[in-house]
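K.L.:
Quick one: structure below, then a few questions.
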Amino acid sequence: GQSLEQPSEVTAVEGAIVQINCTYQTSGFYGLSWYQQHDGGAPTFLSYNGLDGLEETGRFSSFLSRSDSYGYLLLQELQMKDSASYFCAVRDPGANNLFFGTGTRLTVIP
Amino acid sequence: DGGITQSPKYLFRKEGQNVTLSCEQNLNHDAMYWYRQDPGQGLRLIYYSQIVNDFQKGDIAEGYSVSREKKESFPLTVTSAQKNPTAFYLCASSTTGTGSLNTEAFFGQGTRLTVV
């Protein structure tokens, strides 16, 4: 089976840095992805980690530790438009599906 | 432009009726997926297909059916057996190769189904 755990809610101040954690349990592992979803909208891809370490894409960075079955998404210089839900996801090569975490709702306040 | 299209955007169904949600993609992706999202909840996998004429059940397949007769199309039927069908339904597609390219899924804009 597969399970991905994330905090349900996070609140942070505009301009600050926030980290959203994801712990996973899967029978197989092709890497950890992150998606952003604004209310009523479609999820959009943010980043992918196939190997341990940090991947940086502009204000967003993502980290993976396969030995700890753990990853995180780091958002810097927070903007109001970053208020959204963030999901981690894994592809299980055995089941060959794409499985999403429970999601973290980020609220950015002035 | 390449993309994935879901229709209709809003759908109302009477209890006891079957309804079919459309999902079409022109990204030449082999894999397609259907997810259900309830308010404030995550994405739960209903069905997925890795190739034409083949599909597998996800975690919550009961009360749903799919077909994959064409690479571009993966319609979802919500049957009367689904006891609580009111939800936001999302269709996605992706490639199926190994490596980073296959982990990016592209989503449609969703169909919001309401039972009246």
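K.L.:
Give the carbon-plus-sulfur fraction of the accessible surface of the protein assembly as shown in %, rounded to a whole number; probe 1.4 Å, heavy atoms of protein chains only.
P.N.:
The nonpolar share, carbon plus sulfur, comes to 48 percent.
K.L.:
What shape does the range A:51-110 take by its C-alpha gyration tensor, where a ≥ b ≥ c are the square roots of the eigenvalues and a/c under 1.5 counts as rounded, a/b above b/c as prolate, and the rest as oblate?
P.N.:
Since a/c reaches 1.5 but b/c is at least a/b, the shape of the range A:51-110 is classed as oblate.
K.L.:
Around A:Phe29, under 11 Å between beta carbons, what's the net of Lys plus Arg minus Asp minus Glu among the other residues?
P.N.:
+1
K.L.:
In addition: How large is the accessible surface per residue of the range A:61-107, computed with a 1.4 Å probe and reported in Å² as a whole number?
P.N.:
Per residue, the range A:61-107 has an accessible area of 35 Å².
K.L.:
Name the aspartates and glutamates eligible as straight-distance cross-link partners of B:Lys70: C-alpha to C-alpha under 18 Å, and not fewer than 8 places from it in the same chain.
P.N.:
B:Glu24, B:Asp30, B:Asp54
K.L.:
Can you list, bin by bin at 5 Å, the percent of alpha carbon pairs in chain B, starting at 0?
P.N.:
For chain B, the binned pair fractions read 2, 12, 23, 26, 19, 11, 4, 2, 0 percent.
K.L.:
In angstroms, what radius of gyration and Dmax does the protein assembly as shown have, counting Cα atoms only?
P.N.:
In Å, with Rg to one decimal and Dmax whole: 17.4, 51.
K.L.:
Relative contact order (percent) for chain A, with alpha-carbon contacts under 8 angstrom and 6 or more residues of separation?
P.N.:
Dividing the mean separation by the residue count of chain A yields 37 percent.
K.L.:
Next question, about the same structure. For the pair B:Asp30/A:Thr11, report the inter-label distance in nm, with labels modelled 7 Å from Cα in the Cβ direction.
P.N.:
Result: 4.7 nm between the two label points.
K.L.:
Chain A: Rg/Rh from Cα coordinates, Kirkwood Rh?
P.N.:
Using Cα coordinates only, the ratio equals 0.96.
K.L.:
Roughly how far apart, in whole Å, are the Cα centres of the range A:69-100 and the range B:27-43?
P.N.:
Cα centres, the range A:69-100 to the range B:27-43: 14 Å.
K.L.:
Within 10 Å, at most 12 other Cβ atoms, and a DSSP state outside H, G, I, E, B define an exposed site. Report the longest part of chain B free of exposed trypsin sites (Lys or Arg not before Pro).
P.N.:
Free of exposed loop sites, the longest segment is B:15-82.
K.L.:
When ligands, DNA and RNA are left out and all protein chains stay put, how many square angstrom of accessible area per residue does chain B have with a 1.4 Å probe?
P.N.:
I get 49 Å² per residue for this part.
K.L.:
Counting only heavy atoms of protein chains, what accessible area per residue, in Å², does the range A:3-56 have with a probe of 1.4 Å?
P.N.:
Computed with neighbouring chains in place, this is 50 Å² per residue.
K.L.:
Taking a probe of 1.4 Å and counting only protein heavy atoms, give the total accessible area buried between chains A and B in Å², rounded to the nearest 100.
P.N.:
1800 Å²
K.L.:
In a Gaussian network model over chain A where Cα atoms closer than 10 Å are linked, find which of A:Gly58, A:Gly28, A:Gly40 has the largest mean-square fluctuation.
P.N.:
Largest GNM mean-square fluctuation: A:Gly40.
The values are calculated or read from the model by the stated rules, or taken from the named source; none is laboratory data. It should be emphasised that the depicted structure is a prediction, and the values quoted were computed from it without experimental measurement. Cβ: placed from backbone, ideal geometry, glycine included. Neighbour counts: every protein chain shown. Side chains included, ligands, DNA and RNA excluded: accessible areas come from the protein's heavy atoms. Shrake-Rupley method; radii C 1.70, N 1.55, O 1.52, S 1.80 Å.
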